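The values are calculated or read from the model by the stated rules, or taken from the named source; none is laboratory data. Predicted, not measured: the structure shown is a model, and the values here were computed from it. Glycine gets a Cβ as well: all are built from the backbone with ideal geometry, and neighbour counts include every protein chain shown.
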Amino acid sequence: MTKTPVIAGLFAMFLAANAPAQDSERITALEKEVQELKLRLSRLEASPDASEKKPPPAAPGEDVASLSNWKKLKTDMTTSQVRTILGEPIRIEGGAFVSWHYKNGGQVRFITGRVERWSEPRK
């Protein structure tokens, strides 16, 4: 009888005996990692992202879509930031590029939810 099958058999028995312990350790490590990721995610969701800070709303009595508000627009603003500054558009056209239309010809164009360009309304 050769030693190779005996060694292989002993090795297989060792692996079988230790597999549950290794699996248990691996599961424990994965559970710990998931908990750490959940904690990091909840912290990220709770903290305001600098790019999502809302601009100051229009002053009371000010026409939300006034020319001074159009001057507050910046490229890469989100739709919610634009809505805060200009209010609701009178019409939205969309696809890959989304255009919001305002009275007097004002228009804001978004690409993937961010301002790409705009044209101020005519006086």
Just to be sure before I move on: is D49 touching a helix residue (DSSP H, G or I) at 6+ places or on another chain (Cβ under 9 Å) and at pLDDT below 75 in the structure I sent?
no
How many residues does the stretch 99-120 hold that are touching a strand residue (DSSP E or B) at 6+ places or on another chain (Cβ under 8 Å) and part of a helix (DSSP H, G or I)?
1
Out of curiosity, is L30 modelled with pLDDT of 80 or more and either surrounded by 10 or more Cβ atoms within 10 Å (Cβ to Cβ) or part of a loop (DSSP other than H, G, I, E, B) (or both)?
no
Output the number of residues of the stretch 93-106 satisfying the condition of being surrounded by 13 or more Cβ atoms within 10 Å (Cβ to Cβ) and of a type in the set (A, V, I, L, M).
1
